[in-house]
Amino acid sequence: MSKKVIVEENQVIIYPNPVKLALLCTLAFLLTALTAVLAMNQESLVQGSAGIFETLFPIVAPVAIVFFGLCFIYLLYRVLKPKPSLHINQEGIIDNASAAGAGLIRWEEVDRYFIYSVLGQHFLGIVPKDIDRVLAKQKGFKQMAMRMNQGFEAPINIPAQGISVPLDQVITYMEQFMEKQKASV
C-alpha cells in the first residue's frame with residue numbers, strides 16, 4: 001500500500017491517489033490515441049459534411065492531440081515518480097497537485113480559501129492578498145495557467161482529483177497550521 005497522507009506535528013504531506021492518477025493517465029492516453037486515429041482518417045470523416053466541422057476539424061484535431069498527449073506525459077510522470085501533491089506546515093502550503101501547481105503559498109499571502117465546483121469537478125480555491133506578487137514567483141506555463149484561472153473563482157485551484165483526502169480535510173489541516181503560525185508570532 002502506498003503512502004497517501006503523512007500527518008506529523010510540524011507538517012502534513014498529502015500524496016495523490018495512485019488509482020485516480022492511473023485512471024486519468026489511461027484516459028489521457030485513450031483520448032490522445034482516439035484523436036490521432038480520427039485525425040488520420042479525417043478525409044473520410046469530413047467527406048460529405050458541410051460547414052463548421054469540415055473547417056474546424058483540421059485545426060481542433062492537432063490541438064487536441066497535443067493537449068491530451070501532454071496530459072498523458074504529465075500524468076505518466078506522476079505515476080512513475082510519485083511526489084506529494086500538498087505539503088502543509090506552519091510556513092504555508094506547497095501546491096503541487098496539478099501541472100499548474102502554485103508552489104509555496106505562505107499563510108500571510110492568503111486572503112481567503114473555499115471549496116467550489118466547476119462542471120462537477122471540485123476544487124479548493126485559494127485567493128491570495130496580492131495576486132501579482134504570487135504571479136511574479138511563477139514561470140512560463142504555471143504563470144499563464146494562473147492568469148487564466150483568474151477567470152474562475154480563485155487563481156489558485158487545487159483539484160480534488162489530484163489528492164487522496166477530501167478537500168474539507170485539507171482545509172482542516174490548513175487552519176490548524178494557520179493557528180500555529182499565528183500563535184508563534
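Going by what's in this entry, would residue 72 be described as touching a residue at least 24 places away in the same chain (Cβ under 8 Å), surrounded by 13 or more Cβ atoms within 10 Å (Cβ to Cβ) and out of contact with any helix residue (DSSP H, G or I) (no Cβ under 6 Å at 6 or more places or on another chain)?
Details: touching a residue at least 24 places away in the same chain (Cβ under 8 Å): yes; surrounded by 13 or more Cβ atoms within 10 Å (Cβ to Cβ): yes; out of contact with any helix residue (DSSP H, G or I) (no Cβ under 6 Å at 6 or more places or on another chain): no.
The answer is no for residue 72.
Give the residue that is surrounded by the fewest Cβ atoms within 10 Å (Cβ to Cβ), with candidates limited to residues of the stretch 94-137 that are in contact with a helix residue (DSSP H, G or I) (Cβ under 6 Å, 6 or more places away or on another chain) and closer than 25 Å to residue 81 by Cβ.
99
Restricting to the stretch 138-165, name every residue that is within 19 Å of residue 11 (Cβ to Cβ) and either hydrophobic (A, V, I, L, M, F, W, C) or exposed (fewer than 13 other Cβ atoms within 10 Å of the Cβ) (or both).
Kept after step one, since they are within 19 Å of residue 11 (Cβ to Cβ), are these residues of the stretch 138-165: 158, 162-165.
Within the stretch 138-165, 158, 163, 165 meet the criteria.
Give me the pairs: first residue in the stretch 140-154 and closer than 15 Å to residue 126 by Cβ and modelled with pLDDT of 80 or more, second residue in a helix (DSSP H, G or I) and among the basic types (Lys, Arg), beta-carbon distance under 8 Å, and six or more apart or on different chains, which are they?
none
Are there any pairs, at least 6 apart or on different chains, whose C-beta atoms fall under 8 Å, with the first in the stretch 23-37 and assigned by TED's automatic domain parsing to the domain that holds residue 65 and the second among the basic types (Lys, Arg) and surrounded by 20 or more Cβ atoms within 10 Å (Cβ to Cβ), and if so, which?
Listed by first residue and then by second, the contacts come to 25/78.
Could you check the stretch 88-185 for helices (runs of 4 or more DSSP H) lying wholly inside it with 2 or more residues that are under 30 Å from residue 23 (Cα atoms)? It would help to see each step written out before you state the result.
Values: elements: 131-136, 140-149, 167-184.
Because the criterion is at least 2 residues that are under 30 Å from residue 23 (Cα atoms), the helices (runs of 4 or more DSSP H) in the stretch 88-185 that meet it are 140-149, 167-184.
The values are calculated or read from the model by the stated rules, or taken from the named source; none is laboratory data. None of the values given here were measured: they were computed from a predicted structure. Cβ coordinates were reconstructed from backbone atoms using ideal geometry, including for glycine residues, and neighbour counts include every protein chain displayed.
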